[in-house]
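J.: First the structure, which I've put down as C-alpha cells, then a few questions once you've had a look.
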Amino acid sequence: MFLKELTELSGVSGYEYEVRNYIKSKLDEIGCEYKVDKLGNVIAHNKGKKNKKIMLAAHMDEVGLIVSHIDSNGFIKFQPVGGVDQRILNSKSVLIGENKIPGVIGSKAIHLMSAKERGKSIPIDKLYIDIGTYSKKETEELVSIGDYVVFKSSYVEFGEGLIKAKALDDRAGCSVLLDLLSMKLDVDFYGVFTVMEEVGSRGAQVAAYGLEPDYAIVLEGTVCVHMPGVKENSMVTLIGRGAALSLMDSSTVYDIDEVRKVENIAEKYGISYQFRTSTSGGNDAGAIHKTKEGSKAVAISLPCRYIHSPVSVASKNDYDNVVRLIKAVISENQKGE
Amino acid sequence: MLKEFLFEACSNQFVSGFEYINGYMLKKYFEPYTDSSEKDKIGSYIFKQNGTSDKKIMLAAHIDEIGLMVTKILEDGFLSFTSVGGINPASLVAQDVIIYGKEKIFGVIGIKPPHVIPKNERSKALKIKDLYIDTGYSKEKLENLVSIGDVATIKRDPVSLQGSVISSKALDDKACVAVMLETAKELNKISHKSNIFYAATAQEETGCRGSSAASYKISPDIGIVLDVGFGMTPDMPPETACLGNGPVIAFGGRLNLKLTKKFIEVCHTYNYSIQCEAIPSDTGTDAESVQINREGVPCILLSIPLRYMHTSVETIDVKDVETTGRAIARFINELDNSDWGELLCF
C-alpha cells in the first residue's frame, strides 16, 4: 500500500507531476516497463499470460483550487478545479504551488455574523487565501496566478482499521495499481495512471485511444454516505462492506455480463463486495468504454466517506478486498474463456 | 520563545472548564520569571512577581478556548456534540478533531459529498446537530473510550505564514497569554515597585467567570485586560485594526480614560506602535468582570489584532505580541514612577 506517500503529494488536475514522478520512481524500483504519453498519462505494461488486452486505469489527479487573482493587500482569490463543495473551504490550511507556500482560508468571526449568516457556507468568490503578507508585491514574490492549491491534510490511521487523508479519490486507485504491478503476476495488463479525470477524463480518453483495450477496469475512490441520519438505501456504498461494483453512473452503463462475471469471481474467491447503489457521479470508464469502436468496462471502487474533502475516510479492509478482487478478475480474464 | 510557547499552548486543549489539565505548561513558561504561582478554585492560573510597594497591578488574559463537548455516542462510532463557546457550525466542516476521552481519540467531521447533495441544500445553514464526529470505532469500543461530557477540539497544527505571521486554533486568547509572558520577562529585567499578578483566566468564552473570581482574590488597584480583537481582512470595515501595527487600545464607556491616555503616551515616548478603537459599551472581554469587582478596579483594555476569530485558522502577527508585552512593561515602569493618587482620582 502506497497510500500515505501518494495522498500527501500534490496533484491537482493538470499539475500531476509530483504524483507522476513518484509513480515513475516506484515503477523503476519494481522494474516495470512504462511510457508517458503526450498528455502525461503513465502507461505501465505488466507482461504475462495473455488472452485479451486489459487496461486498468486509476487517475493521478485530485480536486483542488487554482490562484486566479492577488488583491491590493496581498490576499489571494481562487477558483475550484473539479468538484469542490464550497462548504468544505471554511477554516482550512492550504499549500500553494510548487514551493508549497502555506496559507489559510478563514471566515468572518461569528461575533460579526447575523443570525442568518451563521452556519451558511460562504460562496467561493467571497473567499480568499491569506499567506501572512502585507502587500500585493510581497504576495506576488511568492505566488502567481495559475498556481494550484491543495489542502494540507496528513494521512492518519484511526479507529478500527480506517484511514483519513485528502485525495483518496483517486490515489487509492493509484496505490492499488502499484500494488498489482509490484506483484509481478504472470498476467498481461496495462496499468494506466491517468491525468485530468476530475476535469473531464481527458487523460483516460487518449490513453484508451492509444491502447485500444478489449476490456478495462477503472479503479476509483467512490462516494459513500454511510453516516448517521441517512437511510441505508441512500448510502451509495458502506464502509467495511468490501469493494464497490458499479452498475450505472452518469458516464457509463457498465456491461452487465462483465459485472456479473466480476460478481461471480468475488463469490468464488470469497472476496467482500457490494454494489454502488447510486447513478450519480462518473469516472474514467465513461471516456474509455466509448473510445474508438468501444470496449467493455467495469469499475471497482474503494468506498470513501467525505470524498472530495480533506478528510476523506476509507477502510483498509475494503482496500485489501479491492486489490484481491482486481487481481482475481484480471487473472480469470487472461485464463481464456 | 513566544512562538514556541504559542505553538505548544495552541496544540493542546484548554476548553473552558477543562483548563486545569494542561496548566503545567503555563508553569513551565512563567515560573522562570515569577516568584509564586497558584491555581484558583475556578481554574485560573495566577503568577506573581513580588514588588516593593503595596500596589497591585493585575494583567488578565484568558487561557480557555472554544471547543466541542460530546453529547451522545451513536452507532458506527459517530458522536453527537455541542459547542462550548461561540462556534460557527460552518467552520467545523471537513476538520480533523481530537476527542479528549480516556485517551486522545482522532476523529473527523465530514459532510455528505456534493455528488449526492442537491444544490439548494448546499446553501442551507448548517446546525451543530447536523454534524457528527466520525471516530472509526464500533459503538461498543467507543463507549469504553469516550464518555458524554468529554471535550474535543479541532486538530490543527499551528503554521508559520510569511514573516512573523502565524495561524492556529486558540490564538484567542493564547496570543495575550503570550503578551503576559513577554511582560513578565521584561519586568524581570527592569525593576518594578508594584506587585504584578499575571492571571491566565478560566472560562472567559462561557461568560468571564474566571476573571471575576481571580480579580476578587487579587483585589488589584489597576487592571490591564488583554484579549484579541478583529484584524483587517477584505470583508472588514475600514476602521478595523491591522495586523503588524501593534496593540489596539480601547476607548469606551467602561474603561478608565486617564490610564488609557497614559498608555498611549508611554507608547509614543518609547516608540511602540499603537492603534486605537472605540468600544462604546460592552467589551465582551474579561474587563467586564474585572472592572466591577469588589469596590471597582480602573481598567484598560488592550487587544492583539487577529483574523478569522473563533475559527481554527486564527491568524496573528507575533510581532504585535512582542510589542504589546514590552509596552506594558514600560507602562508599569512609568506607573511606578507616577503619583497614583493623582492618576486614579477623578
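J.: Other chains' Cβ within 10 Å of B:84-91 residues: what's the mean? Write down the numbers at each step before the final one.
T.: Details: counts 0, 1, 5, 2, 12, 5, 14, 7.
Rounded to a whole number, the mean comes out at 6.
J.: Also, quick follow-up: On average, how many beta carbons from a partner chain sit within 10 Å of the beta carbon of a residue in A:129-139? Numbers along the way, then the final one.
T.: Working: counts 0, 12, 6, 15, 4, 8, 0, 0, 0, 2, 1.
Mean partner shielding for this stretch: 4.
J.: Here is a further query. According to a simple spin-label model (label point 7 Å from Cα along Cα-to-Cβ), what is the distance in nm between A:Ser68 and A:Ser182?
T.: The answer from the label model is 4.0 nm.
J.: Also, I was wondering about something else. Using 1/(1 + (r/R0)^6) with R0 = 56 angstrom and r between the beta carbons of B:Asn144 and B:Ser37, what's the FRET efficiency to the nearest 0.05?
T.: For B:Asn144 and B:Ser37, the calculated efficiency is 0.95.
J.: Return P(r) of the stretch A:201-262 (all Cα-Cα pairs; 5 Å bins starting at 0; whole %; ordered from short to long distances).
T.: 4, 12, 20, 21, 19, 11, 8, 3, 1, 0
J.: Give the distance, in whole Å, between the Cα centre of the stretch B:121-177 and the Cα centre of the stretch A:90-135.
T.: Rounded to whole Å, the Cα centres lie 17 Å apart.
J.: On to the next question. How long is the gain from A:Glu232 to A:Lys335 if the chain were fully straight, where each residue apart is worth 0.36 nm and the alpha carbon distance is subtracted? Before the final figure, lay out the partial values.
T.: Working: separation 103, 0.36 × 103 = 37.08 nm, distance 3.75 nm.
Extra length from A:Glu232 to A:Lys335 when fully extended: 33.3 nm.
J.: In addition: Counting other beta carbons within 10 Å of each Cβ, put A:Met248, B:Met25, A:Met60 in order, fewest first.
T.: On the way: A:Met248 13, B:Met25 17, A:Met60 30.
Fewest to most other Cβ atoms nearby, the residues stand as A:Met248, B:Met25, A:Met60.
J.: Please arrange B:Glu277, B:Glu322, A:Glu267 by counting, for each residue, the other beta carbons lying within 10 Å of its beta carbon, fewest first. Spell out each step's value before the answer.
T.: On the way: B:Glu277 17, B:Glu322 20, A:Glu267 10.
The fewest-first ordering by Cβ neighbours comes to A:Glu267, B:Glu277, B:Glu322.
J.: Per the Kirkwood definition applied to all pairs of different Cα atoms, how many angstroms is the hydrodynamic radius of the stretch B:172-330? Before the final figure, lay out the partial values.
T.: Working: mean 1/r = 0.0633 Å⁻¹.
The answer is 15.8 Å.
J.: Another question, then. With the Cα gyration tensor of the stretch A:141-183 giving a ≥ b ≥ c as the square roots of its eigenvalues, does the rule (a/c under 1.5 for rounded; else a/b larger than b/c for prolate; else oblate) give rounded, prolate or oblate?
T.: Details: a/c = 3.79, a/b = 1.61, b/c = 2.36.
In terms of gyration-tensor shape, oblate.
J.: Which net charge results for the neighbourhood of A:Ser154, defined as the other residues with beta-carbon distances under 12 angstrom from its beta-carbon, given Lys and Arg at +1 and Asp and Glu at -1? Intermediate results must be reported in sequence, preceding the final value.
T.: Working: positive: A:Lys4, A:Lys152, A:Lys164, A:Lys166, B:Lys155, B:Arg156; negative: A:Glu5, A:Glu8, A:Glu157, B:Asp96, B:Asp157.
Its environment carries a net charge of +1.
J.: Would you mind giving the mean number of other chain beta-carbons within 10 Å of the Cβ of each residue in B:121-127, as a whole number? List each step's numbers first, then the result.
T.: Details: counts 1, 5, 5, 4, 7, 6, 2.
The shielding value for this peptide is 4.
J.: Describe numerically, in nm with one decimal, the distance between label points set 7 Å from Cα along Cα→Cβ at A:Lys38 and at B:His268.
T.: About 7.2 nm separates the two model spin labels.
J.: Students often get this wrong: which residues of the stretch B:104-132 have the backbone nitrogen under 19 Å from the point 7 angstrom along Cα-to-C-beta of A:Ser250?
T.: Backbone N within reach: B:111-124.
J.: Shifting gears a bit: Which of the residue pairs B:Lys185/B:Lys319; A:Lys4/A:Lys108; A:Lys35/A:Lys184; A:Lys108/B:Lys104; A:Lys126/B:Lys72 have a Cα-Cα distance greater than 24 Å in the structure shown? Spell out each step's value before the answer.
T.: Working: B:Lys185/B:Lys319 16 Å; A:Lys4/A:Lys108 33 Å; A:Lys35/A:Lys184 18 Å; A:Lys108/B:Lys104 30 Å; A:Lys126/B:Lys72 35 Å.
In this structure, A:Lys4/A:Lys108; A:Lys108/B:Lys104; A:Lys126/B:Lys72 lie more than 24 Å apart at Cα.
J.: Also: Rg over Rh of the stretch B:56-107, using C-alpha atoms and the Kirkwood radius, what does it come to? Don't jump to the answer; show the numbers that get you there.
T.: Numbers: Rg = 14.9 Å, Rh = 13.4 Å.
Rounded to two decimals, Rg over Rh is 1.11.
J.: OK, next. Just to check, using Stokes-Einstein with a Kirkwood Rh over alpha carbon pairs, what's the diffusion coefficient of the stretch A:261-337 at 25 °C and 0.890 mPa s in µm²/s?
T.: Details: Rh = 14.3 Å.
Estimated via Stokes-Einstein, D reaches 171 µm²/s.
J.: How long are the semi-axes of the ellipsoid equivalent to chain A, from square roots of 5 times the Cα gyration tensor eigenvalues, in whole Å, largest first?
T.: On the way: eigenvalues 263, 104, 56 Å².
After scaling each eigenvalue by five and taking roots: 36, 23, 17 Å.
J.: Follow-up question, since we're still on this one. How big is the stretch A:64-151 along each principal axis, measuring the range of its Cα positions in Å and listing the largest first?
T.: 40, 29, 17
J.: Taking the beta-carbon count within 10 Å as an exposure proxy, list B:Asp172, A:Asp179, A:Asp169, A:Asp257 from fewest neighbours to most. It would help to have the intermediate numbers written out before the result.
T.: Values: B:Asp172 26, A:Asp179 18, A:Asp169 30, A:Asp257 9.
By the 10 Å Cβ count, ascending, the order reads A:Asp257, A:Asp179, B:Asp172, A:Asp169.
J.: Further, regarding this structure: Give the separation of the Cα centroids, the stretch A:1-54 to the stretch B:258-299, in Å.
T.: 62 Å
J.: From zero up to wherever the largest Cα-Cα distance of the stretch B:67-154 sits, split into 5 Å bins and tell me the percent of pairs in each.
T.: All Cα pairs, binned at 5 Å, distribute as 3, 15, 27, 24, 15, 10, 5, 1, 0 percent.
J.: Right, here's the next one. Determine the alpha carbon to alpha carbon distance for each of A:Lys92/A:Lys166; A:Lys24/A:Lys52; A:Lys92/A:Lys164 and list only those over 19 Å. Could you put the intermediate results ahead of the total?
T.: Working: A:Lys92/A:Lys166 13 Å; A:Lys24/A:Lys52 25 Å; A:Lys92/A:Lys164 16 Å.
In this structure, A:Lys24/A:Lys52 lie more than 19 Å apart at Cα.
J.: Now, a different point. Tell me the net charge near B:Pro234. Cut-off is 11 Å between Cβ atoms, B:Pro234 excluded, with +1 for each Lys or Arg and -1 for each Asp or Glu. Could you put the intermediate results ahead of the total?
T.: Working: positive: A:Lys77, A:Lys108, A:Lys126, B:Arg307; negative: A:Asp71, A:Asp130, B:Asp235.
Summing Lys/Arg as +1 and Asp/Glu as -1 gives +1.
J.: Where does the charge balance sit around B:Lys127 when Lys and Arg score +1, Asp and Glu -1, over other residues with C-beta under 14 Å from its C-beta? Present the calculation step by step, with values, prior to reporting the outcome.
T.: Working: positive: A:Arg87, A:Lys116, A:Arg118, A:Lys120, B:Lys124, B:Lys129; negative: A:Glu117, B:Glu121, B:Asp130.
Once all neighbours under 14 Å are counted, the net charge is +3.
J.: Return the ratio Rg/(2.2 N^0.38 Å) for the protein assembly as shown, where Rg is computed over Cα atoms only. Each step should come with its number before you reach the end.
T.: Numbers: Rg = 28.8 Å, N = 683, 2.2 N^0.38 = 26.3 Å.
In units of the globular-protein estimate, the protein assembly as shown measures up at 1.10.
J.: Can you bin chain B into rounded, prolate or oblate? Criterion: square roots of the alpha carbon gyration tensor eigenvalues sorted a ≥ b ≥ c, rounded for a/c under 1.5, prolate for a/b above b/c, oblate for the rest. Show your work: numbers first, answer last.
T.: Values: a/c = 2.20, a/b = 1.74, b/c = 1.27.
It is prolate, given that a/c is not under 1.5 and a/b is the larger ratio.
J.: Same structure, new question: No solvent, one uniform scatterer per C-alpha: report log10 I(q)/I(0) for the stretch A:164-309 via the Debye equation at q = 0.11 1/Å, two decimals.
T.: Normalising to I(0) and taking log10 leaves -0.40.
J.: If you average the alpha carbon positions of the stretch A:250-299 and of the stretch B:91-110, how far apart do those two centres end up, in angstrom?
T.: Cα centroid of the stretch A:250-299 versus Cα centroid of the stretch B:91-110: 35 Å apart.
Throughout, read-outs are computed from the coordinates displayed, never taken from laboratory work. Predicted model, so just to flag it, every value in this text is computed and none were measured. We place every Cβ from the backbone using ideal geometry, glycine too, and count neighbours over all the protein chains shown.
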